[in-house]
Amino acid sequence: MSPVILDGATGTLLRARGVTFAGTSVAANESAPDDVAAVARDYVRAGAEVITANTFGDVADAVRAFGLARAGVVAAGAPTTRVAASVGPFPASARELEVLRVVAPDLVLVETQVALRDALVLVAGAREAMPHVPIWAGVVVSADGRLPDGTTALDAARALADAGALPGVSCTPVHVAVDVGRTVADALGAPLWIKANAGLPRNGRWPETPESFARALDGSGAFLHAVGGCCGTTPATITALVATLRRRSPHAPGDPDGTDRQDRAGTS
């Protein structure tokens, strides 16, 4: 079975489309709401099965962000598309995360985590606020298989799985994400999820094309539950990814929230 298809970047895509904002892309929810909704619409049209609401920089704006994400999926003609909350590497307590209960996310992505300790705090806070919502936690890794805080990707994955999250790799260049992700998944005996970057930017340009990004993930269904893009990716990236993965393994609707595989990931 091929992986569930996630969406791609929000912030870098908005900037590429000429939307300006200070700080994180959450500011665009107010200043450019039509553009934010169009991002969700275009990713659904590209083949994404899970759309990420624009809450990465501030979950306090969840009501507006989810309204825009759901408007986008309706505009794409797929109103039942799942919408995830994004929780970035910023301090947040369970009390602050409670706002997400109001918008009823289908799952929570704890993304771009650079320190295991912080990731575990956010996972615990999300679990306390939303006991029955699936939680996925993705860490940033380098080619040596470590987080910026020095934790190995395998140790991080085991700890996150033990905390009740589906572990993954996010905001990491795609070739590194694939290499490290495969190694960790093999050691765990359970699949992960990946939202990878289109390489490392050079002179303001992302080196991976939609086609090269998709080629890097060709065959990844053997160790991934879900896959999508992070910085530098676009709807064209997701279109190419869908074409590549579906050619190798026809899609069978399964477990988009990761519950079944999340259970297995916790039994390493």
Examine segment 14-29 for a residue that is touching a Gly at 6+ places or on another chain (Cβ under 6 Å), in a helix (DSSP H, G or I), of a type in the set (Ser, Thr, Tyr) and crowded, with 21+ Cβ neighbours inside 10 Å, and state whether such a residue exists. yes
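Residue-wise test of (1) of a type outside the set (Gly, Ala, Ser); (2) surrounded by fewer than 24 Cβ atoms within 10 Å (Cβ to Cβ).
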| position | (1), (2) |
| --- | --- |
| Ala143 | no, yes |
| Gly150 | no, yes |
| Leu154 | yes, yes |
| Leu160 | yes, no |
| Ala163 | no, yes |
| Cys171 | yes, yes |
| Val176 | yes, yes |
Assess whether His225 counts as being in contact with a Ser or Thr (Cβ under 8 Å, 6 or more places away or on another chain), of a type outside the set (A, V, I, L, M, F, W, C) and either surrounded by fewer than 24 Cβ atoms within 10 Å (Cβ to Cβ) or modelled with pLDDT of 80 or more (or both). no
Tally the residues that are surrounded by fewer than 20 Cβ atoms within 10 Å (Cβ to Cβ) and farther than 16 Å from Ser2 by Cβ, restricting the search to segment 206-222. 4
Among the residues of segment 46-57, are any part of a helix (DSSP H, G or I), touching a strand residue (DSSP E or B) at 6+ places or on another chain (Cβ under 8 Å) and among the aliphatic types (A, V, I, L, M)? no
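The values are calculated or read from the model by the stated rules, or taken from the named source; none is laboratory data. Nothing here was measured: the structure is a model prediction, and the numbers come from that model. Cβ atoms come from the backbone with ideal geometry, glycine included; neighbour counts cover every protein chain shown.
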